[in-house]
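The values are calculated or read from the model by the stated rules, or taken from the named source; none is laboratory data. The shown structure was predicted, so the numbers you read here are calculated from the model rather than taken from an experiment. Here Cβ is always computed from backbone atoms with ideal geometry, including for glycine, and neighbour counts include all displayed protein chains. Side chains are part of the model used for accessible areas, which takes the heavy atoms of the whole protein and leaves out ligands, DNA and RNA. Shrake-Rupley method; radii C 1.70, N 1.55, O 1.52, S 1.80 Å.
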Amino acid sequence: MQDTYEVGNNLSFSSEWGTVCTEEYGDCGCDNCVDQDGFGDISVRMDEFAERIWDNGWELEKAVWTVPQAFGNGQYWPRIPTGKEFVVQSIVGINHGGLGVVSWDDPTSDDIKTSASALALALATVKDSILDPARTFTHRKLGDVDVGLWTLGKKTLVMATNMGYQTVNLSLSDIGLKGNATQVLNSGATLTGSTVLF
């Protein structure tokens, strides 16, 4: 389980200890994190875990879960993530090989519980596409948008999330898709025709 908790904390200066944080020194509450304005450290951590599992020959024996941050208001984290930030953390983890999502910690905010419930309901719809051994998987990153594509036959499941805080558009043609699309989860993104607005 990876636990990259970077929402709301300063990754270069420790509010807890009053020291700078570098690769060699300091504790900012998110080991080896550098992406102050987004969620890129989650993808790096998930990819490192997958690589380690592969290098050790454990790919058929072990799975990585993603552990989105659901806490704050103390120590290094002056605020609790929003429900949308919770979903971003979860989708990035899934797009980078996470086969389970379990947050840390409960109790948490009503916003996160509502968003986690919506995500769980959507995952029940898409789990077969993600877990089917006959499917193919492709990962794409277009700017701040992280995209996972699970293809089985003529259908492709797209899980995309904006890892930044600026509004962006993603055209399905940008990821090589055409035709009709159905939105399964709405956590702030909207699908209009073949364009997703985050």
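In table form, for the structure just shown:
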| item | result |
| --- | --- |
| Scan of region 21-78 for residues that are part of a loop (DSSP other than H, G, I, E, B), touching a helix residue (DSSP H, G or I) at 6+ places or on another chain (Cβ under 6 Å) and under 28 Å from residue 166 (Cβ atoms), ordered by number | 33, 35, 39, 68, 70 |
| Members of region 103-126 that are exposed (fewer than 13 other Cβ atoms within 10 Å of the Cβ) and either closer than 15 Å to residue 66 by Cβ or hydroxyl-bearing (Ser, Thr, Tyr) (or both) | 105, 117, 120, 125 |
| Single residue of region 6-20 satisfying the filter (part of a loop (DSSP other than H, G, I, E, B) and touching a strand residue (DSSP E or B) at 6+ places or on another chain (Cβ under 6 Å)) that is most open to solvent (accessible area, probe 1.4 Å) | 8 |
| Cβ-Cβ under 8 Å pairs, at least 6 apart or on other chains, region 141-157 side open to solvent by 10 Å² or more (accessible area, probe 1.4 Å), far side assigned to a loop (DSSP other than H, G, I, E, B) and of a type in the set (S, T, N, Q) | 144/166 |
